[in-house]
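Peer 1: Got a structure for you, written out below as structure tokens; questions coming shortly.
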Amino acid sequence: MDSIEGLAPAVASILDAARARPTPDERVAVTPRDLRAAFARAESDGRVPVIAEVKPTSPTTEGTDERDPVELAREMVDGGAAALSVLTEPEHFGGSVETLRRVREAVDVPVLRKDFLLEESHLDAVEADVVLLIVRFVDDLPGMLAAARDRGFQVLVEVHDEAELERALDAGADVVGVNNRDLANLVVNLETFESVAPHVPDDVTLVAESGIALPAEAARMRRAGADALLVGTGIVRGPSDVTENTRRLTTSMTQ
């Protein structure tokens with residue numbers, strides 16, 4: 001893992017908690033729902049492919065969302081979400097593997113497990129369709145990528161700059177997310193995606209993450225090359241109900 005020096009204290013605390021978390025004894029095996037196919041279906045229906053995120057709280061939001069995560073997930077799908085992201089990190093995001101299980105049973109779209117996975121055993125906590133690997137925090141990215149795929153997972157590999165993108169591509173990533181949030185200070189800048197996107201090969205599926213709340217921001221990321229968008233706070237804490245907040249973003253290029 002890269003040095004945690006320079007990370008926001010909240011992020012360093014999250015990593016400490018991840019390292020201390022008990023690891024499962026049994027290995028999972030998954031038959032996943034196809035993420036890329038879900039994006040293609042959204043495109044063919046005239047929708048922007050959106051991964052909508054069920055996130056009770058985070059270090060950058062105030063309070064905790066007490067609504068039923070399963071109901072939120074259904075509302076997101078009703079609003080046109082192509083896939084869902086569910087936080088399973090418990091200490092800082094209020095997530096759980098049980099929430100992911102409940103959500104995945106309730107919907108028919110791919111579900112991403114959003115967590116800080118640092119070692120192979122962390123993959124075995126719960127079945128999901130997609131797992132997140134954050135380049136900065138994984139020592140052996142090729143090994144983790146292979147281990148995830150061997151279990152049946154699809155993998156979203158998250159990067160923050162061009163150097164991390166190179167590591168992701170060298171490891172064999174075929175779905176890459178560019179996070180607009182700087183982990184050093186937790187500030188969001190959409191120019192992050194715009195600076196990295198031109199270096200992503202055409203055959204790699206590219207996801208823009210963080211800082212997307214308005215249709216104009218969604219359209220901006222799409223113009224910069226995003227095949228899909230990952231949106232959390234902009235949907236669950238937007239100006240309307242969750243279904244309408246999702247719909248506003250999935251139709252952002254057609255308004």
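Peer 1: Against the definition (at pLDDT 95 or above, surrounded by fewer than 16 Cβ atoms within 10 Å (Cβ to Cβ) and under 26 Å from V30 (Cβ atoms)), how does G143 come out, yes or no? First the steps, then the outcome.
Peer 2: Details: at pLDDT 95 or above: yes; surrounded by fewer than 16 Cβ atoms within 10 Å (Cβ to Cβ): yes; under 26 Å from V30 (Cβ atoms): yes.
Against the criterion (at pLDDT 95 or above, surrounded by fewer than 16 Cβ atoms within 10 Å (Cβ to Cβ) and under 26 Å from V30 (Cβ atoms)), G143 qualifies.
Peer 1: Quick test for you: out of R74, R36, R41, pick the one residue that is more than 20 Å from L123 (Cα to Cα), within 16 Å of the chain's Cα centre (by Cα), of a type in the set (D, E, K, R) and not in a loop (DSSP other than H, G, I, E, B).
Peer 2: Working: R74 fails: within 16 Å of the chain's Cα centre (by Cα); R41 fails: within 16 Å of the chain's Cα centre (by Cα).
Just a single option satisfies the conditions, and that option is R36.
Peer 1: Do you know which residues across the range 95-116 are in contact with a Ser or Thr (Cβ under 8 Å, 6 or more places away or on another chain) and either among the small types (G, A, S) or over 22 Å from L145 (Cα atoms) (or both)? Walk me through how you get there before you give the answer.
Peer 2: So in the range 95-116, the residues in contact with a Ser or Thr (Cβ under 8 Å, 6 or more places away or on another chain) come out as 95-97, 99-100, 111-115.
Selection gives G95, S96, T99.
Peer 1: Could we say that P49 is over 29 Å from R223 (Cα atoms), surrounded by 14 or more Cβ atoms within 10 Å (Cβ to Cβ) and either modelled with pLDDT of 95 or more or in contact with a Lys or Arg (Cβ under 9 Å, 6 or more places away or on another chain) (or both) here? Before you say what the answer is, go through the steps one by one.
Peer 2: Details: over 29 Å from R223 (Cα atoms): no; surrounded by 14 or more Cβ atoms within 10 Å (Cβ to Cβ): yes; either modelled with pLDDT of 95 or more or in contact with a Lys or Arg (Cβ under 9 Å, 6 or more places away or on another chain) (or both): yes.
No: the conditions fail for P49.
Peer 1: Kindly establish whether V30 is β-branched (V, I, T), in contact with a helix residue (DSSP H, G or I) (Cβ under 7 Å, 6 or more places away or on another chain) and at pLDDT 95 or above.
Peer 2: Details: β-branched (V, I, T): yes; in contact with a helix residue (DSSP H, G or I) (Cβ under 7 Å, 6 or more places away or on another chain): no; at pLDDT 95 or above: yes.
Considered against the rule, which asks whether it is β-branched (V, I, T), in contact with a helix residue (DSSP H, G or I) (Cβ under 7 Å, 6 or more places away or on another chain) and at pLDDT 95 or above, V30 comes out as no.
Peer 1: State which residue pairs qualify: first residue within 18 Å of A224 (Cα to Cα) and inside the range 36-48, second residue of a type outside the set (V, I, T) and assigned to a helix (DSSP H, G or I) in any location, beta carbons under 8 Å apart, and separation of 6 or more residues or different chains.
Peer 2: V48/A42; V48/A218; V48/R222; V48/L249
Peer 1: Do we have any residue at all in the range 77-85 that's out of contact with any Ser or Thr (no Cβ under 6 Å at 6 or more places or on another chain), closer than 25 Å to V187 by Cβ and modelled with pLDDT of 95 or more?
Peer 2: yes
Peer 1: Only one of D170, D174 is surrounded by fewer than 19 Cβ atoms within 10 Å (Cβ to Cβ) and either out of contact with any strand residue (DSSP E or B) (no Cβ under 8 Å at 6 or more places or on another chain) or farther than 21 Å from R36 by Cα (or both); which?
Peer 2: D170
Peer 1: Only one of these is out of contact with any helix residue (DSSP H, G or I) (no Cβ under 6 Å at 6 or more places or on another chain) and surrounded by fewer than 20 Cβ atoms within 10 Å (Cβ to Cβ): N185, N179. Name it. Break it down into steps so the answer makes sense when it comes.
Peer 2: Details: N179 fails: surrounded by fewer than 20 Cβ atoms within 10 Å (Cβ to Cβ).
Exactly one of N185, N179 is out of contact with any helix residue (DSSP H, G or I) (no Cβ under 6 Å at 6 or more places or on another chain) and surrounded by fewer than 20 Cβ atoms within 10 Å (Cβ to Cβ), namely N185.
Peer 1: Go through the range 208-234 residue by residue and tally those that are modelled with pLDDT of 95 or more and among the β-branched types (V, I, T).
Peer 2: 2
Peer 1: Scan the range 98-139 for residues that are hydrophobic (A, V, I, L, M, F, W, C), touching a Pro at 6+ places or on another chain (Cβ under 7 Å), closer than 21 Å to L15 by Cα and not in a strand (DSSP E or B) and jot them down.
Peer 2: Going through the range 98-139, the residues hydrophobic (A, V, I, L, M, F, W, C) turn out to be 100, 103, 106-107, 109, 111-112, 116-118, 123, 125-126, 128, 130-135, 137-138.
Still in the list and also touching a Pro at 6+ places or on another chain (Cβ under 7 Å): 103, 125, 130.
In the following step, the residues that additionally are closer than 21 Å to L15 by Cα were identified as 125, 130.
Once the filter is applied, which keeps residues that are hydrophobic (A, V, I, L, M, F, W, C), touching a Pro at 6+ places or on another chain (Cβ under 7 Å), closer than 21 Å to L15 by Cα and not in a strand (DSSP E or B), the range 98-139 yields only A125.
Peer 1: Among the residues of the range 97-106, are any without any contact (Cβ under 8 Å) to a residue 40 or more places away in the chain, among the acidic types (D, E) and under 22 Å from S58 (Cβ atoms)?
Peer 2: Step one: list which residues in the range 97-106 are without any contact (Cβ under 8 Å) to a residue 40 or more places away in the chain, which gives 97-98, 100-102, 104-106.
Then drop every residue that is not among the acidic types (D, E), which leaves 98, 105.
Going one step further and asking which of them are under 22 Å from S58 (Cβ atoms), we end up with 98.
Within the range 97-106, one or more residues are without any contact (Cβ under 8 Å) to a residue 40 or more places away in the chain, among the acidic types (D, E) and under 22 Å from S58 (Cβ atoms).
Peer 1: May I ask you to verify whether A147 is part of a helix (DSSP H, G or I), touching a Ser or Thr at 6+ places or on another chain (Cβ under 8 Å) and either closer than 26 Å to I14 by Cα or of a type outside the set (D, E, K, R) (or both)?
Peer 2: It is false that A147 is part of a helix (DSSP H, G or I), touching a Ser or Thr at 6+ places or on another chain (Cβ under 8 Å) and either closer than 26 Å to I14 by Cα or of a type outside the set (D, E, K, R) (or both).
The values are calculated or read from the model by the stated rules, or taken from the named source; none is laboratory data. Note that this is a predicted model, so its numbers are computed, not measured. Here Cβ is always computed from backbone atoms with ideal geometry, including for glycine, and neighbour counts include all displayed protein chains.
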